[in-house]
Amino acid sequence: MYVFSRFARPALRIALLVASFFSTLTADAFDLAGGDLKVHGFVSQGLVHTTDNNFLGESDGQVSHDFREIGVNASWRLVPDIQLSAELLSHRAGGTDDGSVRLDYGLVDWTALSSEHGRAGLRLGRLKTAYGLYNKTRDVAFTRPSIILPQSIYFERTRNLTVSADGVELYAERYGETGSLTASFALGEPKTQTEAAKVALFLSSPPGELEARLAPDLQLLYEGAGNRYRLAFTALQLDLSYRPGTVDRLRAGRFKLTPLIFSGQYNAERWSLTGEYAIRRTSVSGFGPYFPDSHAVGQSYYLQASYRFAPQWEVLLRYDAFYADMHDRDGKAFAAATRQPAFSRFARDWTTGIRFDVTPEFMLRAEYHRVNGTGFLAAQDNPDVHTLRRRWDMVMFLASFRF
């Protein structure tokens, strides 16, 4: 309790001060904005303990408090067809993110066409990447099904490459008695100018520069029967090039990643069933003997069920599987070629958790993970792969407040 209060209290103070500031705005101030200014925020603090290996900080045999999210967002409908939206975010996640404040998204949304049957328009600026069912809202704990999203699809170690991009998005929505269909296509520049992005690809931080070509992102989403059914398809391509530093053992090379994600969800009154399946084609070329060329087709999937047994309580059960190469699922060929652990190429995670909504604004969560493999662990938290253990357990706790 002391550990939690020591590190959660400053974050909670920030959120409360921001909430207090905006609560002092008068009704006249909102009228000046056309009555359409909306401000929200959140703060979450997590605790992580693992029996072996490190996840989201130094958690092996101890408690890591290095999982924290603080955000403030606002939207303003300038005129009926134009809306401005932005969010400032501080995200702390072990060695992969230091919690510095950044612009998570900031965009202009123009609805060019609108009718009772749908609408179409474009968004311009820093955009949240459409990636599966949860990526656009992944930092808001209340919108996630668990403390951490399934790591087979939503990696924490590569989060910075897929969370947002600077560019333009075209979208169209069609409404009808059978449900709604949304199509979006974005073209943007991913955020590669971070140490976390380089370590995610090279397992180290070479001195050169990582640059990204414009990344296309297509998503189709169908929601039917009052949100009872949700079906989605996502296609994304990352095309990254590396420019070596003055003294660099790596040559100029190229990294390409093309994930295809199929998503489905069924929502009943008390329970939900969700599954996602991804195929990821990866290509590495040109870096030289220290980082040899490779081609692989990765496979990821999860199936989760949640049950709301009381108005404020929900339980979760999930099986989550990741394979870096579907043709070398046990990693033995990789281990023979590299002398690295075979189990670093896969991860299978059984998760059970419970959620308690103390109030509509304050939530508590607890989870237990039984993991076989280390495929989703970050190199920043586990610099020596030879100290990793194949089978490990993890216990997580989270408190989250929103306004």
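A few points about this structure:
- Pair list, Cβ under 6 Å, 6 or more apart: the stretch 49-77 residue over 30 Å from Asp109 (Cβ atoms) and among the β-branched types (Val, Ile, Thr), other residue assigned to a strand (DSSP E or B) and modelled with pLDDT of 95 or more: Thr50/Asp60; Thr50/Trp392; Thr50/Met394; Thr51/Trp392; Thr51/Asp393; Val63/Leu47; Val63/His49
- Of all residues in the stretch 371-386, those satisfying the criterion of being at pLDDT below 95 and more than 20 Å from Thr158 (Cβ to Cβ) are Asp384, His386.
- Of the residues making up the stretch 282-296, not a single one is within 19 Å of the chain's Cα centre (by Cα) and not β-branched (Val, Ile, Thr).
- Scanning the stretch 81-102 for residues that are open to solvent by 60 Å² or more (accessible area, probe 1.4 Å) and either closer than 15 Å to Val140 by Cα or touching a Lys or Arg at 6+ places or on another chain (Cβ under 6 Å) (or both) yields a total of 2.
- Among the candidates Leu210, Leu201, Leu181, Leu218, residue that is open to solvent by 20 Å² or more (accessible area, probe 1.4 Å) and over 19 Å from the mean Cα position of the chain (by Cα): Leu181
- Filter result (assigned to a strand (DSSP E or B) and surrounded by fewer than 16 Cβ atoms within 10 Å (Cβ to Cβ)) within the stretch 265-287: Tyr266, Trp271, Leu273, Ile279, Arg281, Ser283, Ser285
- Residue ID - nearest to Ala196 (Cα to Cα), chosen from residues in the stretch 103-138 that are of a type in the set (A, V, I, L, M, F, W, C) and surrounded by fewer than 19 Cβ atoms within 10 Å (Cβ to Cβ): Leu103
- In the stretch 288-403, counting only strands (runs of 3 or more DSSP E) that sit wholly within it, the ones holding 2 or more residues that are under 25 Å from Leu133 (Cα atoms), in contact with a strand residue (DSSP E or B) (Cβ under 7 Å, 6 or more places away or on another chain) and free of Cβ contacts under 8 Å to residues at least 60 places away in the same chain span 294-310, 313-323, 346-359, 362-373.
- Flag for Leu250 being aliphatic (A, V, I, L, M), touching a residue at least 40 places away in the same chain (Cβ under 8 Å) and more than 22 Å from Arg123 (Cβ to Cβ): yes
The values are calculated or read from the model by the stated rules, or taken from the named source; none is laboratory data. Values in this document were obtained by computation on a predicted structure and should not be read as measured data. Counting neighbours? That spans all protein chains shown, and the Cβs are built from the backbone with ideal geometry, glycine included. Areas reflect the complete protein model, heavy atoms only, side chains present, ligands, DNA and RNA absent. Shrake-Rupley method; radii C 1.70, N 1.55, O 1.52, S 1.80 Å.
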